[in-house]
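The values are calculated or read from the model by the stated rules, or taken from the named source; none is laboratory data. The model shown is predicted, which means the values in this text are computed figures rather than measured ones. Glycine gets a Cβ as well: all are built from the backbone with ideal geometry, and neighbour counts include every protein chain shown.
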Amino acid sequence: MASDPLTINDFPIRSHDKVRYGDTDRQGHVNNAVFATFLETGRVEILADGDHPLAASGCAFVIARLELDFRAEITWPGTVEIGTRVASIGTSSMTLEQAVFQNGKIAANAKTVIVQMDETTRKSSPLSPSAVERLNLLLRSAPDA
């Protein structure tokens, strides 16, 4: 992801999550593991649209890789905003770029490779043309750094 400061406006998909007291650790900030939960909140906006499922029938999405860079602490109480966009689309996979913000300040950014898997064979399965079309609408428009 770019070294320039990202803002929530850099992402076509935006979601929110509440910071819970139980999310905090001994230092009083949100535990690192919770950042992955916030990223999941953003991913499901794309992957789990109940009216228009992205996964083909008999398939599900699995995470093959997650790169997560911590940039600032998140504190309780409060909320976070999660921005999500598609970085690239493969035959059976996609790469998402995400960022987590609190009070307008970036706290983390991530890249996640997600693969469509056939639930019977447990092997990768090509994305449908309609899924590729929908993902193309969310492709990142900013240049790579």
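Say we look at segment 1-13 and pick out the residues that are surrounded by 14 or more Cβ atoms within 10 Å (Cβ to Cβ) and out of contact with any helix residue (DSSP H, G or I) (no Cβ under 8 Å at 6 or more places or on another chain); which of these is nearest to Leu68 (Cα to Cα)?
Of segment 1-13, the ones surrounded by 14 or more Cβ atoms within 10 Å (Cβ to Cβ) are 1, 6-8, 10-13.
Next, only the ones that are out of contact with any helix residue (DSSP H, G or I) (no Cβ under 8 Å at 6 or more places or on another chain) stay: 1, 6-8, 10-12.
Working: Met1: 11, Leu6: 15, Thr7: 17, Ile8: 17, Asp10: 18, Phe11: 17, Pro12: 20 Å.
Across segment 1-13, the extreme among qualifying residues is Met1.
Please indicate, with yes or no, whether at least one residue in segment 91-100 is within 12 Å of the chain's Cα centre (by Cα), farther than 26 Å from Arg122 by Cβ and hydroxyl-bearing (Ser, Thr, Tyr). Checked segment 91-100: no residue is within 12 Å of the chain's Cα centre (by Cα), farther than 26 Å from Arg122 by Cβ and hydroxyl-bearing (Ser, Thr, Tyr).
Of the residues in segment 112-126, none is of a type in the set (Gly, Ala, Ser), in contact with a Pro (Cβ under 8 Å, 6 or more places away or on another chain) and within 24 Å of Gly58 (Cα to Cα).
From the list Ser124, Ser88, Ser128, Ser92, the one residue that fits, being out of contact with any strand residue (DSSP E or B) (no Cβ under 7 Å at 6 or more places or on another chain) and over 21 Å from Asn31 (Cβ atoms), is Ser128.
Yes/no per residue for (1) surrounded by 12 or more Cβ atoms within 10 Å (Cβ to Cβ); (2) in contact with a Leu (Cβ under 6 Å, 6 or more places away or on another chain); (3) at pLDDT below 95:
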| position | (1), (2), (3) |
| --- | --- |
| Ser15 | yes, no, no |
| Arg26 | no, no, yes |
| His29 | yes, no, yes |
| Leu39 | yes, no, no |
| Glu45 | yes, no, yes |
| Asp49 | no, no, yes |
| Pro53 | yes, no, yes |
| Ala60 | yes, no, no |
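Inspect all residues belonging to segment 125-136 and state whether any of them is surrounded by 13 or more Cβ atoms within 10 Å (Cβ to Cβ), among the polar types (S, T, N, Q) and outside any strand (DSSP E or B). Break it down stepwise before answering.
Filtering segment 125-136 for residues surrounded by 13 or more Cβ atoms within 10 Å (Cβ to Cβ) gives 125-128, 131-132, 134-135.
This time we only want the ones that are among the polar types (S, T, N, Q), so: 125, 128.
From the residues that got through so far, the ones that are outside any strand (DSSP E or B) too are 125, 128.
Checked against the condition, which is being surrounded by 13 or more Cβ atoms within 10 Å (Cβ to Cβ), among the polar types (S, T, N, Q) and outside any strand (DSSP E or B), segment 125-136 yields at least one hit.
Looking only at residues of segment 15-38 that are within 15 Å of the chain's Cα centre (by Cα) and not β-branched (Val, Ile, Thr), we find that the one that is farthest from Gly104 (Cα to Cα) is Ala33. Quick one: in segment 99-124, which of the residues that are more than 26 Å from Phe38 (Cβ to Cβ) and in contact (Cβ under 8 Å) with a residue 60 or more places away in the chain is surrounded by the fewest Cβ atoms within 10 Å (Cβ to Cβ)? So the residue we want is Thr120.
Being touching a helix residue (DSSP H, G or I) at 6+ places or on another chain (Cβ under 7 Å) and within 30 Å of Gln27 (Cα to Cα) narrows it down to one residue among Phe61, Phe70; which is it?
Phe70
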